[in-house]
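The values are calculated or read from the model by the stated rules, or taken from the named source; none is laboratory data. Fair warning: this is a prediction, and the values are worked out from it, not measured in the lab. Methodologically, a virtual Cβ is constructed for each residue, glycine included, from the backbone with ideal geometry; neighbour enumeration extends over all protein chains shown.
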Amino acid sequence: MDIIKAIASELNVRNGQVEAAVKLIDEGCTIPFISRYRKEATGALNDEQLRNLDERLKYLRNLEDKKAQVIESIEEQGLLTDELKAQIEKAKTMVAVEDLYRPYRPKRRTRATIAKEKGLEPLANVIMLQMTKEPLIKAAEVYVSGDKGVNTPEEAIAGAMDIIAESISDNADYRTRIREITFKEGILSSTAKDADAKTVYEMYYNFTEPVAKMAGHRILAVNRGENEKILTVKIEAPEDKILSYLEKQIIVRDNINTVQALKDCIRDSYERLIAPSIEREIRNQLTETAEDGAIKVFGKNLEQLLLQPPISGHVVLGWDPAFRTGCKLAVVDPTGKVLATKVIYPTEPHNKVAESKAEVKKLIDKYHVNLISCGNGTASRESEKIISDMIHEMNLPVDYVITNEAGASVYSASKLATEEFPDFDVAQRSAVSIARRVQDPLAELVKIDPKSIGVGQYQHDMNQKKLENTLTGVVEDSVNKVGVDLNTASASLLEYISGISKAVAKNIVEYRETNGRFTNRKQLLKVAKLGPKAFEQCAGFMRISGGDNPLDATSVHPESYEAATKLLALLGYDINSITSGELIGLKSKVKDFAKMADELGIGTMTLEDIVKELEKPGRDPRDEMPKPILRKDVLDMKDLTPGMILKGTVRNVIDFGAFVDIGVHQDGLVHISQMSSTKRVEHPLDVVSVGDIVDVRVIDVDIPKARISLSMILDEKEAANRKYTKDNSNNKNNRNNGKGNRQDRKPKKEGLNLSGLAKFMH
């Protein structure tokens, strides 16, 4: 297989682009580096394309290795033919290779191998030739042997039929066709082991759906129900059609002596050997596809969360809400330095509201707090009410924001948090994390296992290695897209920079602490274990403000400094113009980019990137993202009425909709059917992303069940045309309880409608 050609075809790019990317990957270059600084070589393949390319490259190389192993194994058995070798070499998937290898794979003792040991293979051949003129019972008499354990002609026939059944099962062409038929026409069904049991899987108690149409989240749901011994799941294949196909392939003569025996062999082979195997394969395929889809959504959500714009320049009071143990507070300055911590008890069972307000007022006055970041965990609703009342009662010049605290408890109990705050307890560290999350979400969230951040679905049920690799890639891309300040970045942030390992990240921090701040990028070469290759990969993503060279504060790579300096000179500027703000509109000064790039000895795309960076040095891509909503008032569910238009923040995007924070304790669900009145939405990610600020209309409020249904179709007449009711959107009762993005909540014992699924999917 020509791997380069295959990948190029799959990704719809040129062979040369793939060839260049593969060469760079093999040389040890990272995806962020290739994407940002090797655009000319790859034809500007982006991060996502490069990661897909890298994934397929690994798969196809493993496939070629597998082919070589299979060919060698069959050759050692002396059974390799030119035709078989060609078939293996042409195979495009691992499944196809396994199908071809099946007849030659070393087997445990089966009914067929036992029959062969008894010398019954010639009888099996007689039956398969379908040319015998005597009854099988007569033909089988010669194979009766007490020494071999064949006591009767009937036993001989049964053994021969076992051999035939296994031979049919091992046929690669048959398996391929049966797999196709089962996938296209099969029905996946699930039933309850106990129909009276109240569980979150009730919508799957008597559930059927064509295999080919199964949605990813439903596949993962029934899988979990099956694993928890609540559901029985199976695939019902069109058996008659499959048996008819096999009979046409195998029964080539109308021989009265063999036809019934062959039909019995075919049925036995299918029911005992083929069907269970094919069902496992298809379910594995469905699961893998569903997992890939869920991982992709998780990755997109995580990226948007990581790239939320920082709220800079604020003294922030982090508020970690709780009941019995009290609310933990932490005040941090605009740089994230902890100024004070405190525990207050305004909630049940203490109810020290007045005392708590007084303590908070002292902190606000003493440290000039102008923003409160309140976590959305247990007791957040009660804490938010207290904060809102305080702001109005005391006329405080303070705003508040509800911060998704998912993963804060994981971080606060981690080794990293212990090293960062050795004198703080777990709750204090959590309050600090909640405060810092609004100041610089990226810098804080990288300290947490991506799986604990709470923007995915079914993450605990999928291939953990694949999930980890994908999410780590997302974090790497996000960190490198933003860049880091070399003199302030933590080791946990630095380790995601291109070319930097955990050990080197710690060495950078240690060097900084020992030798003082970095003044130029070249000093990185003095850091232990950071050699020229690592420097090449990381330098462009490291920023130094106020250093020796203004270019060090930009994303211009050191390898392009000479070209950037020459460009400035040709246009009548010098290196100091970068910090003076004189370079806004620089692009208009370059009349012919191709000619200028040629003169500078660099590629056109590299020149375009340099100009873009010089116009706005150290630009932060997060600035283009919607800012968090700052609040002064609190809403309660009872304040909501159908038709009310509100502004909210998208907290999580899943296969069937998006959860939106509208300022009440419960997130509302915008079902996919309520995202557009003008077009069919294939997936919610086509319309919204985590962190988006959206206008929504309240459709329905169910206070007892804590569910809020929202619509992004603001015109009620347009919405009416969608014929939406609270009971008819794809599945009945598909409304959110507002808790779908919280990992620490356990599902209630209720039917698995979409609201139940929302709670359950983490």
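Of all residue pairs spaced 6 or more apart or on separate chains, those with beta-carbon atoms under 7 Å, a first member in segment 644-666 that is in the same structural domain as V687 (by TED's automatic domain parsing) and basic (K, R) and a second member that is surrounded by fewer than 23 Cβ atoms within 10 Å (Cβ to Cβ) and in a loop (DSSP other than H, G, I, E, B) are K647/I629. Condition check for L80 on (1) assigned to a helix (DSSP H, G or I); (2) over 26 Å from the mean Cα position of the chain (by Cα); (3) without any contact (Cβ under 8 Å) to a residue 60 or more places away in the chain; (4) surrounded by 15 or more Cβ atoms within 10 Å (Cβ to Cβ): one failure, at (1). Against the list (1) closer than 30 Å to I662 by Cα; (2) modelled with pLDDT of 90 or more, the condition D633 fails is (2).
Rundown of residues vs (1) surrounded by fewer than 18 Cβ atoms within 10 Å (Cβ to Cβ); (2) closer than 30 Å to D686 by Cβ; (3) touching a helix residue (DSSP H, G or I) at 6+ places or on another chain (Cβ under 8 Å), yes/no style:
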position: G318; (1), (2), (3): no, no, yes
position: A340; (1), (2), (3): yes, no, yes
position: G375; (1), (2), (3): no, no, yes
position: S380; (1), (2), (3): no, no, no
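The residues of segment 452-506 that are assigned to a loop (DSSP other than H, G, I, E, B), at pLDDT 90 or above and among the aliphatic types (A, V, I, L, M), listed by number, are L486, A489, I497, I500.
When we screen K234, K248, K263, K241 for residues that are surrounded by 14 or more Cβ atoms within 10 Å (Cβ to Cβ), among the basic types (K, R) and either touching a Phe, Trp or Tyr at 6+ places or on another chain (Cβ under 6 Å) or closer than 18 Å to I168 by Cα (or both), the only hit is K263.
Yes or no, residue by residue, for (1) farther than 30 Å from L607 by Cβ; (2) in contact with a Cys (Cβ under 7 Å, 6 or more places away or on another chain); (3) crowded, with 18+ Cβ neighbours inside 10 Å:
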position	(1), (2), (3)
R36	no, no, yes
R51	no, no, yes
L57	no, no, yes
L100	yes, no, yes
I114	yes, no, no
E117	yes, no, no
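The criterion of being modelled with pLDDT under 90, within 20 Å of P310 (Cα to Cα), β-branched (V, I, T) and in a strand (DSSP E or B) holds for I402. Taking the criterion of being part of a loop (DSSP other than H, G, I, E, B) and small (G, A, S), the only residue of segment 329-358 that qualifies is G336. Sub-7 Å Cβ pairs linking a first residue in segment 195-224 that is charged (D, E, K, R) to a second residue that is crowded, with 20+ Cβ neighbours inside 10 Å and not in a helix (DSSP H, G or I), at least 6 apart or interchain, are E202/L752; E209/L188, ordered by first then second residue.
Annotation: V590 fulfils all but one of (1) touching a helix residue (DSSP H, G or I) at 6+ places or on another chain (Cβ under 6 Å); (2) surrounded by 14 or more Cβ atoms within 10 Å (Cβ to Cβ); (3) under 22 Å from G483 (Cα atoms); the unmet one is (3). Within segment 366-383, the set of residues being in contact with a Pro (Cβ under 8 Å, 6 or more places away or on another chain) and either within 23 Å of T325 (Cβ to Cβ) or assigned to a strand (DSSP E or B) (or both) comprises C374, G375, G377, T378, A379, S380, E382, S383. Checked against the criterion of being within 24 Å of R56 (Cα to Cα) and outside the structural domain of L286 (by TED's automatic domain parsing), segment 485-496 contains one or more residues that satisfy it. If you go through segment 108-117 and keep only what is farther than 12 Å from D162 by Cα and in contact with a helix residue (DSSP H, G or I) (Cβ under 6 Å, 6 or more places away or on another chain), you end up with nothing.
A residue that is more than 18 Å from the chain's Cα centre (by Cα), touching a residue at least 12 places away in the same chain (Cβ under 8 Å) and surrounded by fewer than 19 Cβ atoms within 10 Å (Cβ to Cβ) occurs somewhere in segment 466-486. Taking strands (runs of 3 or more DSSP E) as the structural unit, those lying wholly within segment 605-715 and holding at least 1 residues that are closer than 30 Å to D477 by Cα correspond to 645-654, 657-661, 668-671, 693-702.
Filter segment 302-329 down to the residues that are more than 30 Å from S689 (Cα to Cα) and either modelled with pLDDT of 95 or more or touching a strand residue (DSSP E or B) at 6+ places or on another chain (Cβ under 6 Å) (or both) and list them by number.
Of the residues in segment 302-329, the ones more than 30 Å from S689 (Cα to Cα) are 323-329.
The answer is G326, C327, K328, L329.
Being more than 30 Å from N255 (Cβ to Cβ) and touching a residue at least 12 places away in the same chain (Cβ under 8 Å) narrows it down to one of E141, E64, so name that one.
On the way: E141 fails: more than 30 Å from N255 (Cβ to Cβ).
Sole residue among the options that is more than 30 Å from N255 (Cβ to Cβ) and touching a residue at least 12 places away in the same chain (Cβ under 8 Å): E64.
Restricting attention to segment 410-425, the residues that are free of Cβ contacts under 8 Å to residues at least 24 places away in the same chain and in a loop (DSSP other than H, G, I, E, B) total 4.
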